[in-house]
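Each reported figure results from applying straightforward, stated rules to the coordinates on display, with no laboratory input. Fair warning: this is a prediction, and the values are worked out from it, not measured in the lab. Here the Cβ positions follow ideal geometry from the backbone for every residue, glycine too, while neighbour counts run over all protein chains shown.
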Amino acid sequence: MEALGAAAAGLLRLSLASALLAFGLYCCYIKYVHVKYDDIPGAPRASFFFGHLPYLWSKLKSNEVFYDIMAQWAEEYGPIVRINIFHRISVLVLSPEGVKEFLMLPQYPKDRKAYSHLYNMFGVRFLGNGLVADPNYNHWHKQRRIMDPAFSRIYLIGLMGIFNDKAEELMKVLEEKASGKTEVDVMNLLRRVTLDIIGKVAFGLELNTLYDDQTPFPRAVTVVMEGMAKSRIPTFEYMPWNRKMVKEVQESLRLIRRTGKECIERRRKAIQNGEEIPVDILTQILKNAAQEGDYDDENMLDNFTTFFFAGHETTANQLAFTIMELGRQPEIVAKLQAEVDEVIGAKRDINYEDLGNLRYLSQVLKESLRLYPTAPATVRWTGTEKVIEGVRIPANTTLMFNMYVMGRMERFFDDPLIFNPDRFSKEQPKPYYSYFPFSLGPRSCIGQIFAQMEAKVMMAKFLQRFEFQLVPPQSFKVLDSGTLRPLDAVVCKLKLRSPLAFEDQAKY
């Protein structure tokens, strides 16, 4: 027994010695990283081990936007800022020179580690190697080549009928609540209708989320969106009290991908049998993929999932932010409604040419994305040493680019916190490389034309029909839940504008 006890004590001492050695080596490595990067400007670290994480974490826990801290750092330390988290260093690049260099050229890939949390969520494949998350440029480029025809301007013009029909469904729902007294959660309805639109125009699915968002597929999308926010919390999935939610997210992801698989298989079979099929994005992708060859179904499911999440949430949030901001800008609303009355008048259906004539509305939507970019950040990786703004950035470094921060810097925009659509008028100089709500360069968002056509149709119809007033209290604060959205939602009281002689009263 004494021998066994001595052996156990020896093992314990050995384990402790090994742990202390590992800890010491890790400390040495952190110190090495500090020495390597400390010539890059940055705020003092909160601690040796956690670096700047406590600052960011405190903002996240209090439902504040931690990008605001980065904006403060940029003002104090300049356009190139070092951010330490444990042994990892990221460099925040808030320089048009840097944006042009790293976003416009293909040799800087997306950072594999930064996007790994989108590959899967809680152990279940999420966006995988779809267009948003794929770090391999050559593989991404092949996907983009297959999908580009489905997002061409000529093809998207053919979607105006669906944009109009779905927007009309929303207008009818809002009309029923336009008593001037009923409180309407406009943001919630926008999220529902944009999900219906992407389902219809991309995959021929009639989800009817606007009328019932508790059916399995829309409910699964909502659960996964909640999971995206929670997955950013370190160790969230390992806490026993979170197990129920983790399981719900996992099951929802499986349902979404299973639905995508069934949708793809049905459409592929219909194409093979020569059946009449909808001319939607899925059809275009399947035909292009067949010509290209070697495009596996799992990757196609990645993009099915990507389109649903990137294709509805960001547009809904942009519209919500726009209505929120207009709620305190009566002069801008009056100018917008005058333009809509002149261009659209009493028409039910908005055509593509009308969108080009809604110039002030375009400026308003651009200004909304400047102050409230719904997808604010992108990340790149440099494998070679670079010098930007006179600052040396070592090779093998993670680079962060943030539209939210740059959009609020006086260096790039006069009075940046003032909502001023005129800064995007033709007479004003263009904000090159400091305005990129859809990213820039070869990896810019494939759906940006789609999104802005959809947003214009929705906003034009809303302004055509309604006067609106925000229900207090409205803090005008931003919630970062993976994408940016209004913290307080957008709750309004609506009134119908003066009756208009619509062309087709039977449709009302």
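Observations on the model:
- For ILE256, net neighbour charge (Lys/Arg +1, Asp/Glu -1) across residues whose Cβ lies under 12 Å away: +3
- For region 364-508, the square roots of the Cα gyration tensor eigenvalues, ordered a ≥ b ≥ c, give a/c of at least 1.5 with a/b greater than b/c, which places it in the prolate category.
- Helix 281-292 vs. the chain, principal-axis angle (Cα, 0 to 90°, nearest 10): 60
- Taking amide H as placed 1.01 Å from N in the peptide plane, the amide H of ILE85 sits under 5 Å from that of HIS52, SER90, each at least 5 places away or on another chain.
- Selected from ILE344, GLN143, TYR432, residue furthest toward positive end of dipole (region 38-507; charges at beta carbon): GLN143
- Segment ARG88-GLN428, extension gain: residue separation times 0.36 nm, minus the distance between their alpha carbons: 118.3 nm
- Given charges at beta-carbon only (K, R positive; D, E negative), |dipole| of region 38-507 in Debye: 860
- Unit charges on C-beta of K, R, D, E only; dipole of region 85-233, Debye: 720
- Compared with the dominant Cα axis of the chain, that is its longest principal axis, helix 243-272 is turned about 50°.
- Cut-off under 5 Å, modelled amide H: who pairs with ARG497 long-range: PHE466, GLU467
- Computed magnitude of the charge dipole of region 383-430 (debye, nearest 20; Cβ of K, R +1, Cβ of D, E -1): 180
- Using alpha-carbon coordinates, inclination of helix 216-230 to the longest axis of the chain, degrees: 40
- Region 332-385 pair-distance distribution - Cα-Cα, 10 Å bins, rounded %: 20, 35, 22, 12, 8, 3
- Approximate spin-label separation ASN120-GLU331, in nm, with each point projected 7 Å along Cα-to-Cβ: 5.6
- Shape category assigned to region 152-228 from the gyration tensor of Cα positions, a/c cut at 1.5: oblate
- The slack in the chain from LEU60 to ALA229, taken as 0.36 nm per residue of separation less the alpha-carbon distance, amounts to 59.8 nm.
- Each of THR322, THR483 was scored by other Cβ atoms within 10 Å of its Cβ. Listed from fewest to most, they are THR483, THR322.
- For region 194-303, the list of GluC sites (Glu not before Pro) that fall in a loop by DSSP and count at most 10 other C-beta atoms within 10 angstrom reads GLU206, GLU275, GLU276.
- Cα gyration tensor category, rounded, prolate or oblate, for region 282-424 with a/c compared to 1.5: oblate
- Taking every C-alpha pair closer than 8 Å and separated by at least 6 residues, the mean separation divided by the residue count of region 38-507 gives a relative contact order of 24 percent.
- Positive-end extreme of charge dipole, the chain - chosen from GLN448, GLY42, PRO218 (charges on Cβ): GLY42
- Helical runs (DSSP H, four residues minimum) scored at -39500 (n - 2.57) apiece and divided by the length of the chain put the mean residue ellipticity at 222 nm at -17000 deg cm²/dmol.
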